[in-house]
Amino acid sequence: MVNGAESEPGSAKDSALLLVAPHLVLDGAESVARAIGARRIHVVVSGSRPPVEAAVTRAIAQRDTEIAWSVAATTGGFVGGHSSAVLELVAGRANRPVTRWAPAAQGSRRQRATLLSNAETFAQTAALSALGAEGYGALGTTDEPGTTLVSIGGDGIVDTSATTIVGEVPHGVSLEDVLGRRQPPVAVLVGGYHGTWVPWHAATSVLITRRPGRGGPPILGPGVLLPLAAGRCPIQVSAEVLTFLAAARIGQCGPCASGLPELAAVTTALSRAGRSRSAPLGHPPAAAAAGDAGDQVSTLASLINGRGACAHPDGAARLAYSLVAVFADEVEAHTRGRCLT
């Protein structure tokens, strides 16, 4: 299964591949299918990007192969691109994430054994086959050869520009090298809305890698880099992202149904408090420990992290932890009724 269902705003690398070089993705998927003896390949694309579905359908029609192909478009919004959600979609059920007790490759009563990865991974597989190990390793590092695609900006919340830029960069280059030094941002949200904040002063030491060790670089995730422009309040922006994530919830478990809206509400209250000394922070939920607003945000994040039916609450918690850790001075100022930006 080729997961090209980029449902996150600002994520466009898989869509770019499927629009510009769909056969590269399909070649990689077909080579993998032949290697494992699979006879059918499903390609899942975003339901909000009809041109991508059309491009994939045309490319499949041009292929002469005994492999059976199918194309499906998501309907489940932000969480519709989750791996379990696309498996459910192709199985004929609702396009929503579910708890999986075993990897998709092992199969279950609900789903045949399935090798699932994103469009870029299959494109990289085709590139490796075409270039060979030496050619593929001409870029990147010894431990992590090759390149990766990144989507930069254009999500509408963190970066309000109208365009998302997709670029191919070697593994091992710094975040500063990727984004450049002209009008540097205050920080970068690495990994999209489920990612982590990186202050710009650390951009030279943060490397583009998909193999972070403990305490190492932030998780690149879907390869989304969202620069935060100078003059924009990181707490306000984070509150808007968390509000978006809360609205995108399915609501099939407690952390999602109740935890995400509460986390968004507390962060929004903290954001408003920085604009007026009289703005109340509101009362923390009964389960949250008393303390300042930063503690409230961290406590709520800890209550939902690892307890959801899917990874959606975990991603929101990761963002909240990062906000409090990276922008501690800003959080403290907001609790005192000031905003440093």
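The values are calculated or read from the model by the stated rules, or taken from the named source; none is laboratory data. Bear in mind that the values here come from a model prediction, so they are computed numbers and not experimental data. With ideal geometry, Cβ positions are generated from the backbone for all residues, glycine too; neighbour counts draw on all protein chains shown. Accessible surface areas use protein heavy atoms only, side chains included; no ligands, DNA or RNA. Shrake-Rupley method; radii C 1.70, N 1.55, O 1.52, S 1.80 Å.
All conditions but one from (1) under 30 Å from Ala247 (Cα atoms); (2) in contact (Cβ under 8 Å) with a residue 40 or more places away in the chain apply to Arg63; the one that does not is (1). Ala269 falls short on exactly one of the conditions (1) surrounded by fewer than 20 Cβ atoms within 10 Å (Cβ to Cβ); (2) modelled with pLDDT of 85 or more, and that condition is (1). Among the numbered conditions (1) among the hydroxyl-bearing types (Ser, Thr, Tyr); (2) within 18 Å of the chain's Cα centre (by Cα); (3) open to solvent by 30 Å² or more (accessible area, probe 1.4 Å), the only one that Ser151 does not meet is (3).
To keep it simple, each residue is scored yes or no on (1) in a helix (DSSP H, G or I); (2) under 12 Å from Ala123 (Cα atoms); (3) of a type outside the set (Ser, Thr, Tyr).
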residue	(1), (2), (3)
Ser11	no, no, no
Leu24	yes, yes, yes
Arg34	yes, no, yes
Ala38	no, no, yes
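Restricting Ala35, Ala12 to those that are among the small types (Gly, Ala, Ser) and buried (at least 22 other Cβ atoms within 10 Å of the Cβ) reduces the list to Ala12.
Filtering Ser151, Ser161 for residues that are within 22 Å of Leu242 (Cα to Cα), at pLDDT 95 or above and of a type in the set (Gly, Ala, Ser) leaves a single hit, Ser151.
If you go through segment 12-47 and keep only what is among the small types (Gly, Ala, Ser) and more than 15 Å from Val71 (Cα to Cα), you end up with Ala12, Ala16, Ala21, Gly28, Ser31, Ala33, Ala35, Gly37, Ala38.
With the condition kept exactly as written, say whether any residue in segment 113-127 is of a type in the set (D, E, K, R) and surrounded by 16 or more Cβ atoms within 10 Å (Cβ to Cβ). Checking segment 113-127: at least one residue is of a type in the set (D, E, K, R) and surrounded by 16 or more Cβ atoms within 10 Å (Cβ to Cβ). What are the residues in segment 41-59 that are touching a strand residue (DSSP E or B) at 6+ places or on another chain (Cβ under 6 Å), open to solvent by 30 Å² or more (accessible area, probe 1.4 Å) and either assigned to a helix (DSSP H, G or I) or without any contact (Cβ under 8 Å) to a residue 24 or more places away in the chain (or both), if any? Of everything in segment 41-59, those that are touching a strand residue (DSSP E or B) at 6+ places or on another chain (Cβ under 6 Å), open to solvent by 30 Å² or more (accessible area, probe 1.4 Å) and either assigned to a helix (DSSP H, G or I) or without any contact (Cβ under 8 Å) to a residue 24 or more places away in the chain (or both) turn out to be Glu53, Thr57. Looking across segment 117-137, the residues that are of a type in the set (S, T, N, Q) and closer than 11 Å to Leu149 by Cβ come down to Asn118, Thr121, Gln124.
The sole residue among Arg211, Arg181, Arg249 that is among the basic types (Lys, Arg), out of contact with any strand residue (DSSP E or B) (no Cβ under 9 Å at 6 or more places or on another chain), touching a residue at least 40 places away in the same chain (Cβ under 8 Å) and over 30 Å from Arg96 (Cβ atoms) is Arg211.
Of the residues making up segment 155-171, those that are open to solvent by less than 50 Å² (accessible area, probe 1.4 Å) and more than 15 Å from Gly192 (Cα to Cα) are Gly167, Val169, Pro170, His171. So which residues in segment 61-92 are buried (at least 18 other Cβ atoms within 10 Å of the Cβ) and over 25 Å from the mean Cα position of the chain (by Cα)? If the condition is that a residue be buried (at least 18 other Cβ atoms within 10 Å of the Cβ) and over 25 Å from the mean Cα position of the chain (by Cα), then Trp69 is the only one that fits.
Quick grid of which residues meet (1) under 23 Å from Gly28 (Cβ atoms); (2) β-branched (Val, Ile, Thr); (3) part of a loop (DSSP other than H, G, I, E, B); (4) touching a Cys at 6+ places or on another chain (Cβ under 7 Å):
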residue: Glu66; (1), (2), (3), (4): yes, no, yes, no
residue: Leu87; (1), (2), (3), (4): yes, no, no, no
residue: Arg96; (1), (2), (3), (4): no, no, yes, no
residue: Ala102; (1), (2), (3), (4): no, no, yes, no
residue: Ala105; (1), (2), (3), (4): yes, no, no, no
residue: Gln111; (1), (2), (3), (4): yes, no, yes, no
residue: Thr114; (1), (2), (3), (4): yes, yes, yes, no
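Annotation: Pro218 fulfils all but one of (1) of a type outside the set (A, V, I, L, M); (2) outside any loop (DSSP other than H, G, I, E, B); (3) touching a Ser or Thr at 6+ places or on another chain (Cβ under 7 Å); the unmet one is (2). Here Ala333 fulfils each of the conditions (1) within 27 Å of the chain's Cα centre (by Cα); (2) modelled with pLDDT of 85 or more; (3) part of a helix (DSSP H, G or I) apart from (1).
A residue that is closer than 17 Å to Asn305 by Cα, assigned to a strand (DSSP E or B) and in contact (Cβ under 8 Å) with a residue 60 or more places away in the chain can be found somewhere in segment 192-208.
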